[in-house]
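Just so you know, all these numbers are worked out from the coordinates, no wet-lab data involved. Just so you know, these numbers come straight off a predicted model, no measurement behind them. In this analysis, Cβ positions are derived from the backbone assuming ideal geometry, glycine residues included, and neighbour counts consider all displayed protein chains.
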Amino acid sequence: MIKGITFIRPVHSPAHFEELVSFFSALGFEPGRGWDQPPTREGAASRGRPFLAPLANLEFVDGALPTLNTDLLIEVTALDAVHHVARQWLEAKTGAAKTLITAIADTHWKSRLFTAEPVPGFSVAFWEWQDPLRGKAIALAGDLSAADMSFAIVVARWNAVITERLLQGALDALLRSGAKRHQIEIAHVPGSWEIPAAARQLAETHRFDAIVTLGCLIRGETAHYEAIYNEVARGIGQSQQETGIPHSFGVLTCETLEQALDRAGLKSGNKGFEAAAAAIEMTSLHRKIDGKPPEPRA
Ligand code: RBF
């Protein structure tokens, strides 16, 4: 079974190695599992830092080839944003970005492309199909850009050690995805029990694209835990359905405080961050379902 393609690029100095790792990290590549091999009797030390992409192609071409100074082509979405990040990185590192990055130009295969040279002698091309549906399954899906979206976050004070961390996670997700501070309102409520009523009132103002709900119920410390939990979940769901405004669910239900801490950023990610990301995605999907017809496809 074929599993993947590894494209090895030898690097000629430790400094170039560090710079390439920094460049590809800055562009948001997913790092793979790196390795460091100490010197052995057979040879010098070596190290590797893989970067992963969701898709790889080994492509044979017969006919017109792009006139490029590299055979490393990286397909991206949001080429302009990638160009911006690459340019900023080059400017910060070398102060002379202009000579090391080309402008974005059309190719002969209905796409746009630029090349960058993060270290001398190593060039890489980034390109994007002009037809955004090219190569994608035809499906409606929300994006994760929160620019021009407004959110209300309802956060319970009960178990504040946890819920404050969830709140920080949620704000981190919203702000890093392009939401503006003035488009985020935070409502504190005493406990999780109060979340649905506040969420509903906020949704009914129609000032927000989505509501993020954050709370923490701990079974060991909560009498009638199931009853409270069911009602909170039902109330949030009902508010979402009856107002038509997406509500994301970030109310933790945990056996112990330790488990709650893990889910608030210690071990298993931050559920506040995830809830906010879900709110962004659902807002985007909501707009797509509701909004404009899809662009005609070429
Ligand atoms: N609120 C929470 O958000 N998490 C809890 O674990 C929690 N445990 C509670 C346990 C008891 C026995 C009581 C009476 C309340 C608890 N609450 C908890 C607070 C609840 O959500 C609500 O704020 C208060 O009951 C006031 O309506």
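Once fully extended, how much extra length lies between ARG157 and LEU58, figured as 0.36 nm per residue of separation less the alpha-carbon to alpha-carbon distance? List each step's numbers first, then the result.
Numbers: separation 99, 0.36 × 99 = 35.64 nm, distance 5.38 nm.
The ARG157-LEU58 span can extend by a further 30.3 nm.
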Taking the chain and counting helices only, DSSP H stretches of n ≥ 4 at -39,500 (n - 2.57) each over all residues, the nearest-500 ellipticity at 222 nm comes to -11500 deg cm²/dmol
Burial-style ranking of 52-58, 17-23, average other-beta-carbon count within 10 Å with highest first, yields 17-23, 52-58
Here the stretch 17-25 yields Karplus 3J(HN,Hα) values (6.51, -1.76, 1.60; θ = phi - 60°; whole Hz; Gly and Pro given as x) of 4, 4, 5, 5, 4, 5, 4, 6, 5
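Under the 0.36 nm per residue contour assumption, what length would be gained going from the current alpha-carbon distance of LYS3 and ALA26 to full extension?
Details: separation 23, 0.36 × 23 = 8.28 nm, distance 2.66 nm.
That pair, LYS3 and ALA26, stretches by 5.6 nm at full extension.
Arranged from highest to lowest average of other beta-carbon atoms within 10 Å per residue, in what order do the peptides 114-121, 8-15, 258-265, 210-217 appear? Please report the intermediate quantities before stating the final value.
On the way: 114-121: 17.5, 8-15: 9.8, 258-265: 19.5, 210-217: 28.0.
Top to bottom by mean Cβ count within 10 Å: 210-217, 258-265, 114-121, 8-15.
What ranking, highest mean first, results for peptides 247-253, 226-232 when packing means the other Cβ atoms within 10 Å averaged over each residue?
On the way: 247-253: 24.7, 226-232: 15.3.
Going by the mean number of other Cβ atoms within 10 Å, highest first, we get 247-253, 226-232.
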Inter-part gap, Cα centre of the stretch 221-259 to Cα centre of the stretch 1-16, in whole angstrom, is 47 Å
Reduced to Cα centres, the span from the stretch 34-100 to the stretch 171-200 in Å works out to 39 Å
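Looking at the chain only, what percent of DSSP beta bridges run antiparallel? Nearest 5 please.
Values: 16 of 38 bridges.
Among the beta bridges of the chain, antiparallel pairing accounts for roughly 40 percent.
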Given backbone amide H placed at 1.01 Å from N, residues whose amide H is under 5 Å from that of THR253, ignoring those fewer than 5 places away on the same chain, are LEU217
